[in-house]
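Working notes, beginning with the structure itself.
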Amino acid sequence: MASSIEYLDFVLEQLSSLEEISYRSMMGEYILYHRGKIIGGIYDDRFLIKPVKSALLLMPHAPREVPYDGAKEMLLAENVDDKEFLKNLIEIMYNELPEPKKKRR
């Protein structure tokens, strides 16, 4: 099942206080970026977060879900309605996220 553009718009609005939030559509789902680094994505209308240490500390009881068959587990952001929490979560996670891969030429 693909994610809806309405849910994407809702999540983007919740993250609107952060600078440089972007997304890329990928096979009906959306990968979300903060300042060029992947923070997670929207899969089947679920906002899933990369399970870095700081995210695990801030969301210790978050369900772990697989975005699609064969993928690694991610954390389900259950409190998507809390803009301030999401802002703090993404800001704290940023330094732990891997740098974007260099594109081959």
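The values are calculated or read from the model by the stated rules, or taken from the named source; none is laboratory data. Please read these numbers as outputs of a predicted model, since none were measured by experiment. Note: ideal-geometry Cβ built from the backbone for every residue, glycine included; neighbour counts use all protein chains shown.
Select from region 65-105 the residues that are of a type in the set (D, E, K, R) and within 19 Å of Val11 (Cβ to Cβ) and list them in ascending order.
Glu65, Glu78, Asp81, Asp82, Lys83, Glu84, Lys87, Glu91
The set of residues from region 44-67 being closer than 13 Å to Leu86 by Cβ, of a type outside the set (Gly, Ala, Ser) and assigned to a loop (DSSP other than H, G, I, E, B) comprises just one member, Met59. Can you confirm whether Tyr23 is closer than 22 Å to Lys101 by Cα and at pLDDT below 95? When the stated conditions are applied, Tyr23 does not pass them. Note on region 25-45: among residues that are charged (D, E, K, R) and under 13 Å from Ser3 (Cα atoms), the one that is surrounded by the most Cβ atoms within 10 Å (Cβ to Cβ) is Glu29. For the residues Glu99, Glu65, Glu78, the requirement of being closer than 21 Å to Tyr7 by Cα, at pLDDT below 95 and either crowded, with 18+ Cβ neighbours inside 10 Å or of a type outside the set (Gly, Ala, Ser) (or both) singles out Glu78.
Close Cβ contacts (under 6 Å, 6 or more residues apart or on different chains) running from residues in region 1-29 that are in contact (Cβ under 8 Å) with a residue 24 or more places away in the chain to residues that are of a type in the set (S, T, N, Q) comprise Glu29/Ser3.
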